[in-house]
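*Asks:* I have a structure here, written as structure tokens, and I will follow up with some questions on it.
Just so it is clear, none of the values below were taken in a lab; they were calculated from the coordinates. This is a predicted model, so every value here is computed, not measured. Methodologically, a virtual Cβ is constructed for each residue, glycine included, from the backbone with ideal geometry; neighbour enumeration extends over all protein chains shown.
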Amino acid sequence: MMDALGTPQTLLLLGGTSDIAVSIAKRYAADRPLTVVLAARPTERRSAVAAELGTVGCTVREVDFDAVDHASHRATVEAAFAEGDIDIAVVAFGLLGDAEQAWQDPELALELAQVNYTAPVHVGVLLAEQMKAQRHGSIVALSSVAGERVRRSNFVYGSTKAGMDGFYTGLGYALDQYGVHVLVVRPGFVKSKMTEGMAAAPLATTPDEVAELTVKAVRGKKSTIWAPPLFRLVMLVLKAIPTAIFRKLSF
Ligand SMILES: NC(=O)c1ccc[n+]([C@@H]2O[C@H](COP(=O)([O-])OP(=O)(O)OC[C@H]3O[C@@H](n4cnc5c(N)ncnc54)[C@H](OP(=O)(O)O)[C@@H]3O)[C@@H](O)[C@H]2O)c1
């Protein structure tokens, strides 16, 4: 159970090797001993993250998770909850891909849709099942401002995030009556391994900053946040731009 200050004892990271997810775990581990269920593909990176979280006082349990292997999702989620309640589950896995390739390569478009939309929906329903039964907990979904108004420059990725954002927003409404909270996080450009080698966009932020805002928002039981917060205003303005103009913008 979360303590009176909203700090969890158990944290499930789906896409456990994500830089943002790791920062969230470290941020919570700074406050109290934490058990982390690291659900990710069995790679050297997963082992390295498990070792890294061990050095900051986390007890880590590794569970196999592959977003495109839909048939395995139930077993993954059940394994994660097998040793007791999960206080917070973070849906962190995601793929950016090359934007121009994505709308012209059916296989890449399909992979983005599966990793960023189909799998989050499937996993979200499975998490909801578990959290409804335990009657407490928070689900944190890492969405993106890219889904809030889909732009020409990355519309395949943006469309998948629009879908997953809508799903988790609705899931929050549905789970409210069961004492389960859902937070949708909409970061802008985050300097993580996902954006390695790319020029930083305006208002670029870091995994640690996203983690700090996420922890605060889970404590405050917020339903949506932007990272950095100024993006909320930026998106309001962007959403007000008429389509005839918006479609010609280059960003
Ligand atoms: N970075 C940004 O600018 C930004 C902005 C807005 C939103 N976001 C979102 O924030 C989330 C976390 O991103 P991040 O910045 O922390 O990037 P990241 O470090 O690249 O994390 C993404 C994670 O997704 C996992 N993943 C990809 N395909 C998978 C699959 N088929 N099965 C299981 N896991 C898979 C990767 O795991 P492996 O280690 O197995 O490859 C990777 O650890 C993503 O959903 C992303 O879309 C990021």
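*Asks:* Work out from phi, with θ = phi - 60° and the Karplus expression 6.51 cos²θ - 1.76 cosθ + 1.60, the ³J(HN,Hα) of each residue of the range 109-126, listed in order in whole Hz, and give x for Gly and Pro.
*Replies:* 4, 5, 5, 4, 5, 5, 6, 8, 10, 4, 5, x, 5, 4, 5, x, 5, 5
*Asks:* Continuing with this model, one more query. Provide Rg over Rh for the range 1-102; use the alpha carbon set for both Rg and the Kirkwood Rh (inverse mean inverse pair distance).
*Replies:* 1.00
*Asks:* Rank PRO242, GLY147, SER192 by how far each Cα sits towards the positive end of the charge dipole of the range 10-246 (+1 on Lys, Arg Cβ; -1 on Asp, Glu Cβ) and give me just the farthest.
*Replies:* Of the listed residues, the answer is PRO242.
*Asks:* Quick one: grab the alpha carbon gyration tensor of the range 148-213, order the square roots of its eigenvalues as a ≥ b ≥ c, and give me rounded if a/c is under 1.5, else prolate or oblate depending on whether a/b is larger than b/c.
*Replies:* It is oblate, given that a/c is not under 1.5 and a/b is not larger than b/c.
*Asks:* Right, something else. In nm, give the distance between the simple-model label positions of ALA71 and MET194, each being 7 Å from the Cα along the Cα-to-Cβ direction.
*Replies:* The answer from the label model is 2.9 nm.
*Asks:* Spelling out what I want: for every residue of the range 39-47, take phi, set θ = phi - 60°, compute 6.51 cos²θ - 1.76 cosθ + 1.60 (Karplus), and round to whole Hz; glycine and proline get x.
*Replies:* Each residue's phi maps through the Karplus curve to give 9, 7, 5, x, 10, 4, 4, 4, 4 Hz.
*Asks:* Less than 14 Å Cβ to Cβ from ASP105, Lys/Arg counted +1 and Asp/Glu -1: what total charge do the surrounding residues give?
*Replies:* Net charge around ASP105: -4.
*Asks:* Mind jotting down the distance between the C-alpha centroids of the range 118-151 and the range 169-225, whole Å?
*Replies:* 12 Å
*Asks:* Hey, another quick one. If amide H atoms are built 1.01 Å from N in the plane of the peptide, which residues on other chains or at least 5 residues away come under 5 Å of the amide H of THR206?
*Replies:* LYS191
*Asks:* What net charge is computed for the residues neighbouring LEU236, neighbours being all others with C-beta under 14 Å from the C-beta of LEU236, Lys and Arg scored +1, Asp and Glu -1?
*Replies:* Once all neighbours under 14 Å are counted, the net charge is +3.
*Asks:* A follow-up question, please. Around VAL210, with a cut-off of 13 angstrom between Cβ atoms, what is the net charge of the other residues, counting Lys and Arg +1 and Asp and Glu -1?
*Replies:* Local charge sum for VAL210: +1.
*Asks:* Here's a follow-up. Only loop residues by DSSP count here, and only those with at most 12 other Cβ atoms within 10 Å; note down the GluC sites (Glu not before Pro) in the range 187-246 that meet that.
*Replies:* Here the GluC sites (Glu not before Pro) that fit, given the DSSP loop and packing criteria, are GLU196.
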